[in-house]
Amino acid sequence: MKFFVTGGAGFIGSAVIRHLIEKTEHEVLNFDKLTYAGNLENIKMVSGNPRYRFLQGDICNRDLLEKAFSEFKPDKIMHLAAESHVDRSITGPSEFITTNIIGTYSMLEEALKYYQRLDEAKKKAFLFHHISTDEVYGELGEMGLFTEETPYDPSSPYSASKASSDHLVRAWGRTFKLPVIVTNCSNNYGPYHYPEKLIPLVITKAKNGKPLPVYGKGENIRDWLYVEDHAKALVTVVESGKTFETYNIGGNSERKNIDVVKTICKIMDELLPDSPHVPHEKLITFVTDRAGHDFRYAIDCSKIKRELGWEPSVTFEEGLRTTVEWFLDRN
């Protein structure tokens, strides 16, 4: 099969491409704008493979998208290109509206034009897989889990833009019969993560002896998903998922933010015993809470386990240690 992956130089997209090239026989077109969070070093190890090719471009550029569709002739679309940092969406939401909403609309329109020209055999193989977030559901109280039926209630400009894109994808499926699937995942972490997100930010700052900023009291809870596990889940959904369905993908690893930060500090104390910053916990600094900060996210991923046989294989403790080691080796 030919996989058209948008945002393939980003954190999750690059994990998907590494998996597709290293673990399958599929061909891949990586379509990426190469914004600040995109880095071709993330896929350097597979870039020489004859089944891989790269095209730099913006998903809002309809002409370039049309050219990419007509020349590559994809069977599967994996749409990961997005602005994804909540803090940046609060201070500058415009890019999130443009990329996540207008960009997804552009992808859907070009995919539909392409799909309508396919013969019946090719139409049966075609799929538009939209990768989204659990943040579209809003926040949970102390109990309960997000399911595929949870009503949308986004809190930030980022989550609102992703909720909008999810609705567009489903609308193109229902109205135009474009074969689509939506997946919503919990917080990803792992190697190659751009250091604006909590885990890589804390590792990088701790190594350099800088304050470790924790919002509020650090009581907010997230479910953590190792990025390599997520990549496997996404490819499983494309290969075996049911068209027009939604699948939630979680790591079964709920943790308070403060506990995540303290665990990173303990691992770094072990790995860097001679550092002048030991114990690294002394660097923790509580800062004013983020505006509209959701209290808790937690995913019920029983559907994807039951129907497709996927479940996370990397524990949070294993994945976090691997992640810390990776960043220390490269910084």
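Readers should treat all values here as calculations from the given coordinates under stated rules, not as data from a laboratory. For clarity, every value in this text was computed on a predicted model and none was experimentally measured. Please note: Cβ atoms are built from the backbone with ideal geometry, for glycine as well, and neighbour counts cover all protein chains shown.
Here's the yes/no breakdown for (1) free of Cβ contacts under 8 Å to residues at least 40 places away in the same chain; (2) touching a strand residue (DSSP E or B) at 6+ places or on another chain (Cβ under 8 Å):
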position: 241; (1), (2): no, yes
position: 246; (1), (2): no, yes
position: 250; (1), (2): no, yes
position: 254; (1), (2): no, yes
position: 258; (1), (2): no, yes
position: 273; (1), (2): yes, no
position: 284; (1), (2): no, yes
position: 295; (1), (2): no, yes
position: 315; (1), (2): no, no
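Looking at the stretch 8-28, can you tell me whether even one residue there is crowded, with 24+ Cβ neighbours inside 10 Å, under 15 Å from residue 77 (Cα atoms) and of a type in the set (Phe, Trp, Tyr)? Checked the stretch 8-28: no residue is crowded, with 24+ Cβ neighbours inside 10 Å, under 15 Å from residue 77 (Cα atoms) and of a type in the set (Phe, Trp, Tyr).
In this structure, does residue 135 turn out to be touching a Gly at 6+ places or on another chain (Cβ under 7 Å), under 30 Å from residue 284 (Cα atoms) and assigned to a helix (DSSP H, G or I)?
The answer is no for residue 135.
Listed by position, the helices (runs of 4 or more DSSP H) inside the stretch 229-331 whose residues that are within 28 Å of residue 90 (Cβ to Cβ) number at least 3 are 257-271, 316-330. Working only within the stretch 108-140, note down all residues that are without any contact (Cβ under 8 Å) to a residue 60 or more places away in the chain, under 19 Å from the mean Cα position of the chain (by Cα) and closer than 23 Å to residue 62 by Cα. Passing the criteria: 128, 130, 132. Look at the stretch 160-173: where a residue is in contact (Cβ under 8 Å) with a residue 12 or more places away in the chain and a partner is part of a helix (DSSP H, G or I) and acidic (Asp, Glu), sitting 6+ places away or on another chain with Cβ atoms under 8 Å, you get 162/135.
If only residues of the stretch 81-106 that are part of a helix (DSSP H, G or I) and touching a Ser or Thr at 6+ places or on another chain (Cβ under 7 Å) are counted, the one that is surrounded by the most Cβ atoms within 10 Å (Cβ to Cβ) is 100. If you check 135, 71 for being surrounded by fewer than 19 Cβ atoms within 10 Å (Cβ to Cβ) and not hydrophobic (A, V, I, L, M, F, W, C), only one passes: 71.
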